[in-house]
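Please read the structure below before turning to the comments.
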Amino acid sequence: MKKILYLSMNSTQSPNAITHKSIGMKKTILLIAVIVSTIVIMAFTSGGDKNNHSLKNSSGAQPGYSGDPAGGNKNCTSCHAGPAAQMETGWITSDIPEDGYVANTTYTITAQASRTGSSKFGFQVSPQNSSGTVLGTLVNTSQETTLTSNQNYITHTSSGTSGSGSKAWTFEWTAPASGSGEVIFYGAFNIANSNGSSSGDTIMLSTLSINESTTGVADISDSRKRISIYPNPVSSLLNIETEKTGRYMIEITSLNGHLMNVAAMEGTSHQIDMSRFGKGVYFVTVRSKEFVRTEKILVE
């Protein structure tokens with residue numbers, strides 16, 4: 001009996017042995033959990049937001065990359081590896097009359113990028129003279145755009161990069177003091193290829209040159225009244241009327257920059273059924289040889 005009892009006691013682990021084994025197992029489980037968590041975090045960091053990396057600076061470009069002289073003529077090709085930057089005309093427009101801006105007057109500026117099949121876009125614009133002096137004051141009017149830290153450039157935000165074949169951004173600019181002379185809006189645009197990195201994106205450059213007007217403020221105010229766009233808000237028919245007979249192009253653009261409609265207008269009036277576009281905010285741009293005017297319209 002004593003021998004059997006002796007063997008039985010040796011085959012049973014002591015309380016201390018069980019405790020040490022339990023602690024060891026807990027440490028092993030904890031180590032495995034840490035390793036798995038690290039792998040998951042690395043996976044999400046490297047590839048989980050692939051679409052958001054279609055723009056390296058999805059929340060806006062750093063100051064000085066609009067191809068402008070103040071920034072040393074740099075553009076976004078330094079951040080986005082791809083073909084050489086290309087020049088494009090007409091990507092920056094305004095409602096400034098053809099005879100030029102009037103000092104201390106606020107105007108609407110529109111920057112629009114276009115590329116069939118593309119869905120991610122970015123931009124940066126700065127108003128300067130040819131020597132790189134920033135002229136006038138940029139005014140941010142949308143959640144899709146933001147001013148850079150030095151207030152001299154305006155660029156996209158993370159919520160202002162999506163479009164279907166095109167993307168438009170609208171902001172305001174207050175003209176500088178009298179005697180400032182010609183203002184050039186320098187713009188760089190990124191056409192992202194959505195490959196999950198900054199490689200292969202296409203950078204386009206565009207400029208808009210505006211002279212200072214020699215016409216009085218009252219005369220300019222009268223010229224801006226030559227066109228009426230009403231009602232606003234609108235539920236069905238939008239009326240576009242001008243005081244002067246001519247040929248005009250009318251563009252309807254959605255808030256995300258998608259070109260919804262293009263129509264030719266000859267004469268002094270035109271109507272567009274806005275109800276077919278659905279409720280929301282749209283931009284109506286009227287172009288002629290003399291001016292470009294953009295109005296924000298609410299469809300109810």
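Looking across the range 151-160, the residues that are buried (at least 24 other Cβ atoms within 10 Å of the Cβ) and over 21 Å from ILE252 (Cβ atoms) come down to TYR153, ILE154, THR155, HIS156. Residue-level analysis places THR145 among those that are modelled with pLDDT of 95 or more and out of contact with any Leu (no Cβ under 9 Å at 6 or more places or on another chain).
On the stretch given as the range 97-118, residues that are more than 16 Å from GLY179 (Cα to Cα) and either buried (at least 17 other Cβ atoms within 10 Å of the Cβ) or touching a Lys or Arg at 6+ places or on another chain (Cβ under 9 Å) (or both) total 12.
This table checks each residue for (1) over 19 Å from the mean Cα position of the chain (by Cα); (2) at pLDDT 90 or above; (3) farther than 30 Å from PRO176 by Cβ; (4) small (Gly, Ala, Ser).
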{"residue": "ASN195", "(1), (2), (3), (4)": "no, no, yes, no"}
{"residue": "ASP201", "(1), (2), (3), (4)": "no, no, yes, no"}
{"residue": "MET204", "(1), (2), (3), (4)": "no, yes, no, no"}
{"residue": "GLU212", "(1), (2), (3), (4)": "yes, yes, no, no"}
{"residue": "ILE220", "(1), (2), (3), (4)": "yes, no, no, no"}
{"residue": "PRO233", "(1), (2), (3), (4)": "yes, yes, yes, no"}
{"residue": "SER236", "(1), (2), (3), (4)": "yes, yes, yes, yes"}
{"residue": "THR253", "(1), (2), (3), (4)": "no, no, no, no"}
{"residue": "GLY257", "(1), (2), (3), (4)": "no, no, no, yes"}
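So that you can scan it fast, the table gives a plain yes or no per residue for (1) within 21 Å of TYR65 (Cα to Cα); (2) touching a strand residue (DSSP E or B) at 6+ places or on another chain (Cβ under 6 Å):
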| position | (1), (2) |
| --- | --- |
| THR89 | yes, no |
| PRO97 | no, no |
| GLY100 | no, yes |
| ASN104 | no, no |
| ILE109 | yes, yes |
| ALA113 | yes, yes |
| SER118 | no, yes |
| GLY122 | yes, yes |
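For the range 254-281, a residue qualifies if it is under 22 Å from THR106 (Cα atoms) and in contact with a Leu (Cβ under 7 Å, 6 or more places away or on another chain), and exactly one does: VAL281.
Of the residues screened, PHE291 is one that is surrounded by 12 or more Cβ atoms within 10 Å (Cβ to Cβ) and at pLDDT below 90. Summed over the range 149-177, the residues that are modelled with pLDDT of 90 or more and assigned to a loop (DSSP other than H, G, I, E, B) give a count of 14. Residues in the range 252-269 that are assigned to a strand (DSSP E or B), surrounded by 13 or more Cβ atoms within 10 Å (Cβ to Cβ), of a type outside the set (Gly, Ala, Ser) and in contact with a Phe, Trp or Tyr (Cβ under 8 Å, 6 or more places away or on another chain): ILE252, THR253, MET260, ASN261, MET265.
The values are calculated or read from the model by the stated rules, or taken from the named source; none is laboratory data. Small disclaimer: the values here were computed from a predicted structure and weren't measured. Backbone-built Cβ (ideal geometry, glycine too); neighbour counts: all protein chains shown.
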